[in-house]
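Here's the structure, in structure tokens; my notes come after.
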Amino acid sequence: MFASVRSATLLGVRGSRVDVEVHAGIGLPGFTVVGQPDEVCRESRDRVRAALLSAGLPWPTRRVTVNLAPTGDRKSGACLDLAIAIGLLAAQEIVSVDVLSEFAFVAELGLDGSLRPLRGATPLVLALTDRTTIVAPGNFVEARAATPSNVFCAQNLFDVVECLAGRADWQREVRDATANSNTERAGVLDMADVQGQPVARRALEIAAAGAHHLLLVGPPGAGKTMLAERLVGLLPPLTDQEAIATTMVHSSVHLESPNAGLIRHAPYRAPHHSSSMVSMVGGGTALMRPGEISLASNGVLFLDELGEFAPSVLDALRQPLEQGIVRLARARTSVVMPAKFLLVAATNPCPCGEGSPGACTCDDAARARYLRRFSGPLLDRFDLRVAVSRPKTDELVSPQRGESTADVAERVAAARELAHFRSGCANSALSREQLDLVAPLSRSAEKRLRRELENGRLTGRGYHRVRRVARTVADLDGAPDVVNDEHLNLALMMRVDLASGLRARELQF
Amino acid sequence: MQKFLNEDHLTAASLTALPKIGPKRLSTLLKYHDPQTAWAVVQGRAKPHEVVAALMQESGLGAMWRANATRDLQEQILARCKKASIHVVLYGESGYPSCLKNDLAPPAVLFYQGDLSALNARRVGMIGTRSATASGRYFASHLAFELTQNGVCIVSGLARGIDAWAHRGALRALEKTHSEEVKKSKPAFGKLAPPVGVVASGLDYVYPKEHGDLWRQVAQTGVLLSESSPGAAPEAFRFPLRNRILAALSEVLVVVESRDKGGSMITVDEAQKRDITVLAVPGSPRNIASVGTNLLVQQGCLPVVGVDDILVALGLDNRRANTASFDPRPRLSEQDAHLVAVMVGAPFSLDEFVIRTGVPLLEAAISLGRLEALGWVVNNSGWWEVIEFG
């Protein structure tokens, strides 16, 4: 007898449909799985057998072939367990083959016949929207958040069989009332905790408003990490589309997404500087696990101690930074994963950490060596490079609190809205043609910029980047038309040239 | 054909290249023997004087020297000297700089590139920290520029920071006057003094590497001195020894910027041992690079606020000099002058500027941009500094 059951497997951050075909025919009793199953997939034979027997259902005493179509792709993970079990039952005519065309099954089986949750429930369910999908109770909330209509759940294999036969009813409603209400953020850090540091505060605001990548340069204890952690709170909540994309990525790595619903706020990822290339960009197993840059998509990727990261890891960030996606190709597969993140990095200015002329004890060679760790092309991608100084004692003990995250976020949201209304993208993504249109310079600002170009302190690429930042500065300042001198000056000052202290200058007399 | 170095010079130079032979041991050796005999003594071919014999007993020195004192070493030294045109002068010879003759610890062998007559001018030592502020660097080069124009020679160590900038100022004065002479085809008023550099490593071992041009220029226009044999690496112990020569060559020692510890303070100690006047450029108490100089002023060193202070210390009459300094920068508006007055002293970050002046950030950015364009502030790697001198 033959049965075909719909299911899906995970590849990268997407689910791909799989038809589990089961054939039970005459011959010596045996069981084979074909269609490129991996080790976990192959082991499903033993799980399914135990689950069937535990549920009081028969194991076929015929020659059974299970084919996973399309056979050209490699299948990985235990997500096909339930589909194989149902297929076996259908091939034995315990379950009617006719009803199966309406359903898809994604769940792992326990030996006692219970349905177990899987990681990647969101992408798996999204790949099966044309059918009614049966999931494990542990995945039900997440799956319902992704596509609310046609996801049902059952406790165990026996229940599934009963429901398919119409003798019982599926569980259709989410019982947990808190499930879908996760738009408010838990534990967002407040900007009001930052004492003093007006420049760094403004830099965060500009970075959030214009989606400009930010490099914080400062001595130890200047609060670089503290600042970076607060940037994510300034970003607006995710749109529906972004929320689904972000949830898909997080779901395919974690068993459950936070609060088990869609992720509605910008994620914050801060990988340690010992992170490997694979952990940063993704790949690794046959599943093509998403890396930190995909997990930070639509949010903030914070790299503390930028100079300590392996140079190859940092350079691997360049292409995703430009394109907003990462395309990983392997011999058998290639996947595309989102990587549209806001990059925030922190570094000391020099080996001794002090940086300020006179206080720094490093010699020029040591400083030059330190700066060589950052490749020019990478540094160039930071629109904002800001020197952060240690707050003075007076500022630290001052009872006066800074502006709160809520107030700043309001300005950021207004500026973002303005930018999207005007040009359909964040200011950092403005093309050169758009720049002339939406960010015309005032006479004096143009003169200033010309001077920077002429004395060689600004490159051609830097020229456009400064203009984009200046556009954001002006937006936040409530000047939606012309970019003025003060906006441009601030943009230039937030583009610190780390090596400028090492260059000898011409004597003036 | 006449040899590049005579036998005495070559032998003495080779002695300098022996291992573990500091200036003290070398002096002892050459005090009791002439160079040729000393070489023979080291090789074990001649009987040493009893003082020298005692010295050579010390922890196997004699054996180590004997092993190294070969014909090869002499040839190596000769080749190096020839290649870099390094000359040698011995203590007691007529060409030996008179200012070192009566020193507490005169170098027995002195290597030089260039012309020793540069030492005949009035000499001011100019030293300071390697990690100087922009303000300190400008001031050092400015002082050196004016002193050179006044016929005072700048003695310095060619290290990074203040040392190098002092010599850059001196060289700039020579270069400028030279080009003016060519332009006007008439001699400049007053006589310029060529610079003197004293270095720790061998004269053909440029350290720091990036100062290669500066070394060459100093040797071409003035003189470059060292007591280390050619090829000697800049080992740490050589620097305090170099500082002693630098102090001994100076009539007046000017410390531009220094922390409370470091090479500059060693030079100051050496100068004070020799009763040489030490002047210090005071700085803001907030500026870490000025802690040492402020300390010196506190201890009674006279402060330097302009070139006249140094000329007075040398006993030079500056009334008729035609080097009235002129600040070519545009005058500041009242508002900008106030900002400069508030921020002068230590380097500051944009944060500090905003907090201390109370100016809103956008306005601060435009003010700093304007001041930078006018040359009143400079920015180095994100740190701002007020430049008080044009």
Filtering helices (runs of 4 or more DSSP H) wholly in segment A:403-470 for at least 3 residues that are closer than 19 Å to A:Leu234 by Cβ and among the aliphatic types (A, V, I, L, M) gives A:405-423
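Check A:Arg327, A:Arg385 and return the single one that is in contact with a strand residue (DSSP E or B) (Cβ under 9 Å, 6 or more places away or on another chain) and farther than 30 Å from B:Ile162 by Cβ. Write out each step before concluding.
Numbers: A:Arg385 fails: farther than 30 Å from B:Ile162 by Cβ.
Step by step, each of A:Arg327, A:Arg385 is checked, and only A:Arg327 is in contact with a strand residue (DSSP E or B) (Cβ under 9 Å, 6 or more places away or on another chain) and farther than 30 Å from B:Ile162 by Cβ.
Scan segment B:267-296 for residues that are part of a helix (DSSP H, G or I), away from chain A (no Cβ under 12 Å) and buried (at least 19 other Cβ atoms within 10 Å of the Cβ) and jot them down.
Initial filter on segment B:267-296 (part of a helix (DSSP H, G or I)): B:267-273, B:288-296.
Restricting the remaining residues to those that are away from chain A (no Cβ under 12 Å) gives B:267-273, B:294-296.
B:Thr267, B:Val268, B:Glu270, B:Ala271, B:Asn294, B:Leu296 - these are the residues of segment B:267-296 that are part of a helix (DSSP H, G or I), away from chain A (no Cβ under 12 Å) and buried (at least 19 other Cβ atoms within 10 Å of the Cβ).
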Considering only segment B:351-390, state which residues are at pLDDT 90 or above, within 17 Å of B:Ala134 (Cα to Cα) and at the interface with chain A (Cβ under 8 Å from one of its Cβ atoms). B:Leu368
Residue count for segment A:303-349, restricted to those that are more than 14 Å from chain B (Cβ to nearest Cβ), touching a Lys or Arg at 6+ places or on another chain (Cβ under 9 Å), assigned to a loop (DSSP other than H, G, I, E, B) and not polar (S, T, N, Q): 6
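Condition check ((1) more than 29 Å from the chain's Cα centre (by Cα); (2) within 30 Å of B:Arg259 (Cβ to Cβ); (3) away from chain B (no Cβ under 12 Å); (4) touching a residue at least 40 places away in the same chain (Cβ under 8 Å)) across all residues:
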residue: A:Pro351; (1), (2), (3), (4): yes, yes, yes, no
residue: A:Cys362; (1), (2), (3), (4): yes, yes, no, no
residue: A:Ser375; (1), (2), (3), (4): no, no, yes, yes
residue: A:Val388; (1), (2), (3), (4): no, yes, no, yes
residue: A:Ser423; (1), (2), (3), (4): no, no, yes, no
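Residue-wise test of (1) among the polar types (S, T, N, Q); (2) in the same structural domain as A:Met277 (by TED's automatic domain parsing); (3) touching a helix residue (DSSP H, G or I) at 6+ places or on another chain (Cβ under 7 Å).
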position: A:Arg332; (1), (2), (3): no, yes, no
position: A:Val335; (1), (2), (3): no, yes, no
position: A:Pro338; (1), (2), (3): no, yes, yes
position: A:Ala366; (1), (2), (3): no, yes, no
position: A:Leu384; (1), (2), (3): no, yes, yes
position: A:Ser389; (1), (2), (3): yes, yes, yes
position: A:Asp394; (1), (2), (3): no, yes, no
position: A:Gly402; (1), (2), (3): no, yes, yes
Could you look through segment A:191-230, keep only residues that are farther than 17 Å from A:Thr472 by Cα and basic (Lys, Arg), and pick out the one that is nearest to the other protein chains (Cβ to nearest Cβ)? A:Lys224
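Inspect all residues belonging to segment B:233-252 and state whether any of them is small (Gly, Ala, Ser), away from chain A (no Cβ under 14 Å) and surrounded by fewer than 17 Cβ atoms within 10 Å (Cβ to Cβ). Don't jump to the end; show me each part of the working.
Going through segment B:233-252, the residues small (Gly, Ala, Ser) turn out to be B:233, B:236, B:247-248, B:250.
Then keep just the ones that are away from chain A (no Cβ under 14 Å); that gives B:233, B:247-248, B:250.
With surrounded by fewer than 17 Cβ atoms within 10 Å (Cβ to Cβ) added as a condition, the list becomes B:233.
Within segment B:233-252 (the criterion being small (Gly, Ala, Ser), away from chain A (no Cβ under 14 Å) and surrounded by fewer than 17 Cβ atoms within 10 Å (Cβ to Cβ)), the answer is yes, since at least one residue qualifies.
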Picking from A:Asp169, A:Asp193, A:Asp176, A:Asp130, the residue that is surrounded by fewer than 18 Cβ atoms within 10 Å (Cβ to Cβ) and at pLDDT below 85 would be A:Asp176
If A:Asp98 passes every condition in (1) touching a residue at least 12 places away in the same chain (Cβ under 8 Å); (2) out of contact with any strand residue (DSSP E or B) (no Cβ under 8 Å at 6 or more places or on another chain) but one, which one does it miss? (1)
Given (1) within 30 Å of B:Asn294 (Cβ to Cβ); (2) assigned by TED's automatic domain parsing to the domain that holds B:Asp308, identify the lone condition not met by B:Ala105. (2)
Of (1) farther than 30 Å from B:Ile162 by Cβ; (2) within 14 Å of chain B (Cβ to nearest Cβ); (3) loosely packed, with under 13 Cβ neighbours inside 10 Å, A:Ala445 satisfies every one except (3)
Given (1) part of a helix (DSSP H, G or I); (2) within 30 Å of B:Ile77 (Cβ to Cβ), B:Thr177 misses just (2)
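Which residues, counting only those in segment A:140-171, are of a type in the set (S, T, N, Q) and in the same structural domain as A:Ala83 (by TED's automatic domain parsing)?
Of all residues in segment A:140-171, those of a type in the set (S, T, N, Q) come to A:147, A:149-150, A:155-156, A:171.
Residues satisfying the conditions are A:Thr147, A:Ser149, A:Asn150, A:Gln155, A:Asn156.
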Looking at A:Glu454 and the list (1) among the acidic types (Asp, Glu); (2) more than 10 Å from chain B (Cβ to nearest Cβ); (3) more than 30 Å from B:His211 (Cα to Cα), which single condition is not satisfied? (3)
Criterion first (surrounded by fewer than 22 Cβ atoms within 10 Å (Cβ to Cβ), within 30 Å of A:Leu10 (Cβ to Cβ) and in contact (Cβ under 8 Å) with a residue 12 or more places away in the chain) does A:Gly324 satisfy it? yes
I'm trying to understand the selection: among the residues of segment A:22-70, which are closer than 17 Å to A:Leu115 by Cβ, among the aliphatic types (A, V, I, L, M) and surrounded by fewer than 15 Cβ atoms within 10 Å (Cβ to Cβ)? A:Leu53
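The values are calculated or read from the model by the stated rules, or taken from the named source; none is laboratory data. On a predicted model such as this, the values are computed, not experimentally measured, just so you know. Every residue, glycine among them, receives a Cβ derived from its backbone with ideal geometry; neighbour counts consider all protein chains shown.
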